Amino acid sequence: MLAVLLPSGAGAHAPVAGGNSAVFDTLERFHGHACAGSLIGARLGLAAKTALKAAGGEGKLKAKYFANSCSIDGVQVAVGTTSGNKAIEVFDDNESRLLLSADKNGRQVEARLTRVAEEKGKKFRELRGKGNALPVGSPERQQVDRAADDIIGWFRNAPDVAVVQVRVVK
């Protein structure tokens with residue numbers, strides 16, 4: 001197994017990681033709202049696509065994602081592997097993990113979240129649950145929403161190496 005180093009961003013709070021603002025904006029429209037889950041899928045997908053290309057992957061891309069969650073939309077938008085073109089399989093294993101393959105030569109990479117990104121995703125889900133239980137417009141809800149928005153900002157802007165780990169599988 002070969003480890004692939006991913007390109008790093010300019011800094012933890014640099015403008016959208018790797019210039020992916022257009023992808024993230026498209027994702028928000030496609031998904032219907034901004035959330036850490038859809039951004040997780042996009043970040044995994046973008047990193048895996050870059051690594052697969054660097055590893056010599058050729059042909060149509062096929063994805064396997066291991067959580068039935070908002071992240072699926074992020075993978076579809078970032079990589080173009082949609083259920084409509086039968087290029088994504090989803091397994092409900094509750095695992096933020098993406099296998100991306102190139103069908104022409106069989107090259108494959110695996111993308112996973114870093115431990116920091118996993119924790120931020122978990123915190124986002126907790127905040128959203130807490131926020132949804134509070135009255136809309138209340139000071140407490142606003143505080144929770146700001147904290148959740150900070151996590152969304154982190155997933156949009158953090159350098160790839162802070163969010164995703166990618167390795168060549170074959």
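The values are calculated or read from the model by the stated rules, or taken from the named source; none is laboratory data. Note that this is a predicted model, so its numbers are computed, not measured. FYI the Cβ positions are ideal-geometry reconstructions off the backbone, even for glycines, and counts take in every protein chain you see.
Considering only residues that are polar (S, T, N, Q) and surrounded by 17 or more Cβ atoms within 10 Å (Cβ to Cβ), look in region 76-92 and name the one that is farthest from G56 (Cα to Cα). Full working, then the answer.
Pass one, region 76-92, residues polar (S, T, N, Q): 76, 81-83, 85.
From what's left, surrounded by 17 or more Cβ atoms within 10 Å (Cβ to Cβ): 76, 81.
On the way: Q76: 21, T81: 18 Å.
Among residues in region 76-92 that are polar (S, T, N, Q) and surrounded by 17 or more Cβ atoms within 10 Å (Cβ to Cβ), the one farthest from G56 (Cα to Cα) is Q76.
Taking A78 as the residue in question, decide whether it is modelled with pLDDT of 95 or more, in a strand (DSSP E or B) and aliphatic (A, V, I, L, M).
No; evaluated as a whole, the condition is false for this residue.
Could you please tell me which pairs satisfy a Cβ distance under 7 Å, a separation of 6+ or placement on different chains, a first residue in region 57-70 that is at pLDDT 95 or above, and a second residue that is among the aromatic types (F, W, Y) and in a loop (DSSP other than H, G, I, E, B)?
As it stands, the answer is K64/F91; F66/F91, since those pairs meet every condition given.
Rundown of residues vs (1) touching a helix residue (DSSP H, G or I) at 6+ places or on another chain (Cβ under 9 Å); (2) of a type in the set (D, E, K, R); (3) surrounded by fewer than 16 Cβ atoms within 10 Å (Cβ to Cβ), yes/no style:
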| residue | (1), (2), (3) |
| --- | --- |
| Y65 | yes, no, no |
| C70 | yes, no, no |
| N94 | no, no, yes |
| L98 | yes, no, no |
| E140 | yes, yes, yes |
| K170 | no, yes, yes |
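Identify, please: which residue in region 119-138 is surrounded by 15 or more Cβ atoms within 10 Å (Cβ to Cβ) and not basic (K, R) and is, among those, farthest from A63 (Cα to Cα)?
L134
Could you count how many residues in region 86-98 are under 18 Å from H31 (Cα atoms) and polar (S, T, N, Q)?
Residues in region 86-98 being under 18 Å from H31 (Cα atoms) and polar (S, T, N, Q): 1 in total.
Do you know which residues across region 147-162 are touching a helix residue (DSSP H, G or I) at 6+ places or on another chain (Cβ under 7 Å) and under 23 Å from G129 (Cα atoms)?
Step one: list which residues in region 147-162 are touching a helix residue (DSSP H, G or I) at 6+ places or on another chain (Cβ under 7 Å), which gives 147-148, 151-152, 154-160, 162.
If the condition is that a residue be touching a helix residue (DSSP H, G or I) at 6+ places or on another chain (Cβ under 7 Å) and under 23 Å from G129 (Cα atoms), then A147, A148, I151, I152, W154, F155, R156 are the ones that fit.
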